[in-house]
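Asks: Here it is, the structure in full.
The values are calculated or read from the model by the stated rules, or taken from the named source; none is laboratory data. The shown structure was predicted, so the numbers you read here are calculated from the model rather than taken from an experiment. Cβ coordinates were reconstructed from backbone atoms using ideal geometry, including for glycine residues, and neighbour counts include every protein chain displayed. Remember, those area values only see protein heavy atoms, side chains included, never the ligands or the DNA or RNA. Shrake-Rupley method; radii C 1.70, N 1.55, O 1.52, S 1.80 Å.
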Amino acid sequence: MLTFLYVPADRPDRVGKALAGDADVVLVDLEDAVAPDRKRYAREEAARLLADVTDRPVQVRVNDVRTGAGLADLAMVAGLPTAVGVRLPKVEDAGTVRAVADQVPGRALHPLLESALGVERAYAIATAHAAVASLGLGEADLRADLGLPADADAGLAYPRSRVAVAARAAGLPAPAQSVYPHVRDLDGLAASCRDGRNAGFLGRAAIHPAQLPVIAAAYAPTDAELAAARDLLARESAGAAALPDGRFVDEAILRTARRTVALADRRRP
């Protein structure tokens with residue numbers, strides 16, 4: 001999964017298009033994208049639109065489960081097919097994850113860390129319950145919590161690394177990057193995705209369909225990378241060895257090559 005598209009639940013036309021579209025995962029949003037006076041309507045529309053979804057990767061981002069809106073969202077999600085996952089914002093402790101798992105049993109949970117406290121407890125949250133299927137950052141809220149300027153990335157280097165390491169240590173997939181808010185800046189998005197890939201992320205959430213092909217291209221292996229990976233794997237039986245061009249090949253490098261080929265195979269139509 002490389003592309004994740006947020007779509008507000010109070011815009012049923014957009015939700016329908018997203019479900020029929022190209023995003024690997026559709027993120028039906030009840031939280032930030034929905035005004036307070038439209039929360040109930042959004043919840044009702046999500047229940048209607050997702051009532052029969054069983055074979056399309058979908059997550060519902062609920063409101064903070066410490067609020068009445070969040071609890072109402074969970075009650076609604078509990079009635080949906082278990083294939084619909086729950087994206088949990090503002091998670092700061094493992095107990096919250098376990099409580100939600102009890103309220104919506106049998107479905108995947110995707111905690112988002114959006115505060116300094118959540119980041120510091122990343123591994124505990126990642127391992128809180130077997131239902132946790134991924135870990136992610138909510139960078140807009142985290143910036144606010146840390147007092148960072150809107151476009152300052154230096155202060156996010158540690159949280160990003162922390163989440164990537166915690167996810168791996170917990171046996172979870174590499175996390176997807178947080179959204180890139182500048183919808184028209186596709187070159188900036190591509191550059192940011194390359195940085196994310198180098199930091200251990202895999203894929204990214206988008207807020208507009210135009211961002212999806214840029215994300216997919218940035219995270220998919222290039223032809224050169226794929227060719228190099230296949231060449232290395234063709235030499236796998238030789239074990240650790242130095243190649244004629246001076247490269248040293250061992251099991252760690254081969255593991256990376258296998259991952260590259262597996263990712264390319266998943267993206268192949």
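Asks: Of all residues in the range 146-181, which are touching a helix residue (DSSP H, G or I) at 6+ places or on another chain (Cβ under 6 Å), of a type in the set (Gly, Ala, Ser) and either modelled with pLDDT under 95 or not in a helix (DSSP H, G or I) (or both)?
Replies: Gly155, Ala170, Ser178
Asks: At least 1 residues that are modelled with pLDDT of 95 or more and farther than 20 Å from Arg160 by Cα in each: list the helices (runs of 4 or more DSSP H) lying fully within the range 44-129 that qualify.
Replies: Output list reads 68-77, 94-103.
Asks: Could you say whether any residue in the range 180-188 is touching a Leu at 6+ places or on another chain (Cβ under 8 Å), surrounded by 17 or more Cβ atoms within 10 Å (Cβ to Cβ) and within 20 Å of Tyr219 (Cβ to Cβ)?
Replies: Looking for residues that are touching a Leu at 6+ places or on another chain (Cβ under 8 Å), surrounded by 17 or more Cβ atoms within 10 Å (Cβ to Cβ) and within 20 Å of Tyr219 (Cβ to Cβ), one finds at least one in the range 180-188, hence yes.
Asks: Could you tell me which residue of the range 120-139 is nearest to Gly95 (Cα to Cα), considering only residues that are aliphatic (A, V, I, L, M) and surrounded by fewer than 23 Cβ atoms within 10 Å (Cβ to Cβ)?
Replies: It comes out as Ala124.
Asks: Just to check your reading of the model, which residue among Asp22, Asp10 is charged (D, E, K, R) and in contact with an Asp or Glu (Cβ under 8 Å, 6 or more places away or on another chain)?
Replies: Asp10
Asks: Could you please tell me which pairs satisfy a Cβ distance under 6 Å, a separation of 6+ or placement on different chains, a first residue in the range 103-121 that is in contact (Cβ under 8 Å) with a residue 12 or more places away in the chain and hydroxyl-bearing (Ser, Thr, Tyr), and a second residue that is open to solvent by less than 10 Å² (accessible area, probe 1.4 Å) and part of a loop (DSSP other than H, G, I, E, B)?
Replies: Final answer for the pair search is none.
Asks: Any residue in the range 31-46 that's open to solvent by 30 Å² or more (accessible area, probe 1.4 Å): show its pairings with residues that are polar (S, T, N, Q) and not in a helix (DSSP H, G or I) at Cβ separation under 8 Å, as long as the two are six or more apart or on different chains.
Replies: As it stands, the answer is Lys39/Asn63, since those pairs meet every condition given.
Asks: Can you find a residue that is among the acidic types (Asp, Glu) and either within 20 Å of the chain's Cα centre (by Cα) or assigned to a loop (DSSP other than H, G, I, E, B) (or both) anywhere in the range 33-42?
Replies: Within the range 33-42, none of the residues are among the acidic types (Asp, Glu) and either within 20 Å of the chain's Cα centre (by Cα) or assigned to a loop (DSSP other than H, G, I, E, B) (or both).
Asks: Shifting gears a bit: Which of the residues belonging to the range 53-74 are more than 23 Å from Ser178 (Cβ to Cβ), open to solvent by 50 Å² or more (accessible area, probe 1.4 Å) and within 23 Å of the chain's Cα centre (by Cα)?
Replies: Thr54, Asp55, Leu71
Asks: Which residues, taken from the range 189-216, are part of a helix (DSSP H, G or I) and open to solvent by 70 Å² or more (accessible area, probe 1.4 Å)?
Replies: Arg194, Asp195, Arg197, Asn198, Pro209, Pro213
Asks: Can you say whether Asp55 is more than 19 Å from Ala75 (Cα to Cα) and of a type in the set (Asp, Glu), as far as the supplied structure shows?
Replies: yes
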